[in-house]
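Working notes, structure below.
The values are calculated or read from the model by the stated rules, or taken from the named source; none is laboratory data. Computed from a predicted structure; not experimentally measured. Cβ coordinates were reconstructed from backbone atoms using ideal geometry, including for glycine residues, and neighbour counts include every protein chain displayed.
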Amino acid sequence: MKLGVFVNEYEKANDTLDRLKAEKLGIILVQNGVYNAVIKEDGKPSPMLGKGTQVYALSEDLQARGLDAAQVDGKVKVVDFGGLVDLIFNEFDKTIWL
């Protein structure tokens with residue numbers, strides 16, 4: 001199963017995310033979740049970026065928070081709404097919201 005996981009909060013850790021198993025797992029950062037793509041604590045990126053999976057951040061949510069795509073960690077792919085729709089329909093069998 002190919003699973004897309006929407007994350008809408010800035011968190012240092014997410015136990016539920018750690019327990020998910022899928023053939024392909026993608027993390028989609030939306031709303032305040034986009035802070036995971038930008039903020040570094042003690043010089044380290046968010047633990048969500050080290051899951052060995054593709055991470056996406058919604059560009060419109062970055063812009064709404066005064067963040068620029070240039071600030072985003074290199075492990076994160078920035079997508080717009082059209083790209084998000086393509087991800088949902090073409091890349092993942094199921095999506096969930098955490």
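Residues that are of a type in the set (D, E), free of Cβ contacts under 8 Å to residues at least 60 places away in the same chain and not in a helix (DSSP H, G or I) within the stretch 71-94 comprise D73, D80, listed in sequence order. Of the residues making up the stretch 51-58, not a single one is at pLDDT 95 or above and over 22 Å from L20 (Cβ atoms). Residues in the stretch 43-70 that are under 23 Å from N14 (Cα atoms) and in a helix (DSSP H, G or I): P47, M48, L49, G50, S59, D61, L62. Test N36 against the stated conditions and say whether it is among the polar types (S, T, N, Q) and in contact (Cβ under 8 Å) with a residue 40 or more places away in the chain. In short, no.
Yes/no per residue for (1) surrounded by 18 or more Cβ atoms within 10 Å (Cβ to Cβ); (2) closer than 15 Å to F6 by Cβ; (3) within 13 Å of the chain's Cα centre (by Cα):
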| position | (1), (2), (3) |
| --- | --- |
| A57 | yes, yes, yes |
| D61 | yes, yes, yes |
| V85 | no, yes, no |
| T95 | no, yes, yes |
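Among the conditions (1) β-branched (V, I, T); (2) free of Cβ contacts under 8 Å to residues at least 60 places away in the same chain; (3) surrounded by 13 or more Cβ atoms within 10 Å (Cβ to Cβ), the only one that V5 does not satisfy is (2). Being at positive phi and either at pLDDT 85 or above or in contact with a Gly (Cβ under 7 Å, 6 or more places away or on another chain) (or both) is a property that holds for Q31.
Within the stretch 8-45, the set of residues being surrounded by 19 or more Cβ atoms within 10 Å (Cβ to Cβ) and in contact with an Asp or Glu (Cβ under 9 Å, 6 or more places away or on another chain) comprises G26, L29, G33, V34, N36, A37, V38. For beta carbons closer than 7 Å, sequence separation of 6+ or different chains, a first residue in the stretch 17-32 that is within 14 Å of V76 (Cα to Cα) and a second that is at pLDDT below 80, the qualifying pairs are I27/K51.
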